[in-house]
1. So, in the stretch 87-105, exactly how many residues are under 27 Å from residue 176 (Cα atoms) and in contact with a helix residue (DSSP H, G or I) (Cβ under 6 Å, 6 or more places away or on another chain)?
2. In the stretch 88-105, what count of residues is obtained for those that are open to solvent by 50 Å² or more (accessible area, probe 1.4 Å) and more than 24 Å from residue 127 (Cα to Cα)?
3. Only one of 246, 259 is of a type in the set (A, V, I, L, M, F, W, C), touching a residue at least 60 places away in the same chain (Cβ under 8 Å), in a helix (DSSP H, G or I) and open to solvent by 10 Å² or more (accessible area, probe 1.4 Å); which?
4. Hey, can you tell me all the residues within the stretch 317-336 that are in a helix (DSSP H, G or I), open to solvent by 10 Å² or more (accessible area, probe 1.4 Å) and among the hydrophobic types (A, V, I, L, M, F, W, C)?
5. How many residues, within the stretch 181-207, are farther than 23 Å from residue 59 by Cα and surrounded by 15 or more Cβ atoms within 10 Å (Cβ to Cβ)?
6. From the residues in the stretch 106-157 that are surrounded by 20 or more Cβ atoms within 10 Å (Cβ to Cβ) and among the small types (Gly, Ala, Ser), which one is nearest to residue 180 (Cα to Cα)?
7. So which of 322, 280, 298 ends up being over 27 Å from residue 44 (Cβ atoms) and in contact with a His (Cβ under 7 Å, 6 or more places away or on another chain)?
Amino acid sequence: MTMTGAELRIDLQRLRENVRAVRERMAPAEALVVIKDDAYAQGVEPIVAAALDAGAVWFGGIDLDSAVRAKRTAGGRARVLCWMTLSAEEARLGVAEGIELGVGDADYLERAATAPSTATLHLKIDTGLHRNGVRPEAWAAFCARAAELERAGRIRVAGIWTHIAEASDAEDDASRAEFDHAVGIARDAGLTPEMRHLAASAAAWHRPEFRYDLVRIGAFCYGIRSEDGPEIGGTAPISSLVAPVVSVGTDVEVAIGSVDGFPSALAGRTHVATPGGERALVRVDAFTSRVETWPGAAIGDDVILFGPGTRGEPTPTDLGEAIGTVGEEPLLRVSPLVPRVYVG
């Protein structure tokens with residue numbers, strides 16, 4: 001049962017093209033396709049299956065649910081990383097499912113080591129973003145303990161990683177230097193990580209020296225560019241939010257509203273694509289929205305609220321910029337009760 005007549009239409013062939021473009025640009029580093037929050041609200045299973053077709057061999061995200069679903073879909077064709085700090089029970093579940101765990105806390109290291117089978121871990125150093133991760137002054141002891149647990153067969157350290165702030169080139173350069181130092185300390189402790197990764201979409205795209213062995217690419221795989229950033233060559237948004245006209249008067253009423261996750265703050269700040277061309281978004285109510293009318297407007301006509309921009313509609317990033325947020329937010333806010341329809 002659905003709440004509205006709206007649909008989120010997801011172009012899987014466009015996703016394949018995006019993933020191929022990302023992997024080509026990142027090579028020889030491998031690209032990890034981020035599938036957090038149900039693959040940015042687009043559905044883990046079809047997204048992972050399509051990305052596998054495009055050659056993806058790594059997936060990952062914050063939440064365990066998305067990671068487990070990705071691993072079950074990919075099976076032995078890809079590795080999956082989950083970087084949420086988990087309870088001991090959740091960590092054991094993740095390990096049992098074949099998930100690799102991102103660990104940036106000494107207590108979490110001990111919990112991960114309680115799994116019945118050897119836990120594959122990526123150890124996280126805090127290089128300045130302060131989004132968890134072991135502080136530099138505690139890193140040597142942390143690595144020494146990880147090496148003890150590895151020798152005991154309780155863990156395997158597959159990677160060293162971090163998040164960077166992407167605030168300025170100078171700050172990112174300082175974070176990279178801290179990261180390189182941390183990798184050296186880990187190796188001095190006897191660890192032999194095969195994967196080093198610190199960059200996400202924007203830094204990885206524009207600064208090759210930040211790619212190392214693996215890069216975590218989220219929004220760019222889905223064609224969502226950075227706020228105020230340039231277009232991403234070879235990619236385009238894969239999803240279009242489409243809603244039917246339900247009444248025609250002095251303006252046109254469209255069957256989607258703020259309850260469905262369409263931001264009410266967009267009213268008066270953007271446009272939509274209609275059979276009559278671009279029209280202003282006039283109002284967003286709870287269950288419907290209103291746009292400027294056009295000659296011949298009829299009930300059942302499709303109105304495109306966001307998409308790749310090929311028919312004059314705004315992209316998700318255009319909408320995010322209109323209300324001072326990132327391009328992922330308009331996509332993530334689409335209610336799960338709005339059907340996801342897959343093409344390609």
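The values are calculated or read from the model by the stated rules, or taken from the named source; none is laboratory data. Because the structure is a prediction, the values reported are computed rather than measured. Every residue, glycine as well, gets a Cβ built from its backbone with ideal geometry; the counts of neighbours run over all protein chains shown. The protein model used for the area step is the full one, side chains on, heavy atoms only, and it has no ligands, DNA or RNA in it. Shrake-Rupley method; radii C 1.70, N 1.55, O 1.52, S 1.80 Å.
1. Quick first cut of the stretch 87-105, residues under 27 Å from residue 176 (Cα atoms) only: 99-105.
Keeping just the survivors that are in contact with a helix residue (DSSP H, G or I) (Cβ under 6 Å, 6 or more places away or on another chain) gives 99, 101, 103.
Residues in the stretch 87-105 being under 27 Å from residue 176 (Cα atoms) and in contact with a helix residue (DSSP H, G or I) (Cβ under 6 Å, 6 or more places away or on another chain): 3 in total.
2. Start the filter on the stretch 88-105 by keeping residues that are open to solvent by 50 Å² or more (accessible area, probe 1.4 Å), which leaves 89-90, 92-93, 96, 105.
This time we only want the ones that are more than 24 Å from residue 127 (Cα to Cα), so: 89-90, 92-93, 96.
Residues meeting the conditions: 5.
3. On the way: 246 fails: in a helix (DSSP H, G or I).
Exactly one of 246, 259 is of a type in the set (A, V, I, L, M, F, W, C), touching a residue at least 60 places away in the same chain (Cβ under 8 Å), in a helix (DSSP H, G or I) and open to solvent by 10 Å² or more (accessible area, probe 1.4 Å), namely 259.
4. At the first step, the residues of the stretch 317-336 found to be in a helix (DSSP H, G or I) are 317-322, 328-332.
If we keep only those that are open to solvent by 10 Å² or more (accessible area, probe 1.4 Å) too, we end up with 318, 321-322, 328-329, 332.
Matches in the stretch 317-336: 322, 332.
5. Residues of the stretch 181-207 that are farther than 23 Å from residue 59 by Cα, as a first pass: 181-182, 184-191.
Among the residues that remain, those that are also surrounded by 15 or more Cβ atoms within 10 Å (Cβ to Cβ) are: 182, 185-186, 189, 191.
Residues in the stretch 181-207 being farther than 23 Å from residue 59 by Cα and surrounded by 15 or more Cβ atoms within 10 Å (Cβ to Cβ): 5 in total.
6. 133
7. The match here is 280.
Residue-by-condition table, conditions (1) under 17 Å from the mean Cα position of the chain (by Cα); (2) open to solvent by less than 20 Å² (accessible area, probe 1.4 Å); (3) not polar (S, T, N, Q):
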position	(1), (2), (3)
5	no, no, yes
9	no, no, yes
14	yes, no, yes
26	yes, yes, yes
47	yes, yes, yes
52	yes, yes, yes
55	no, no, yes
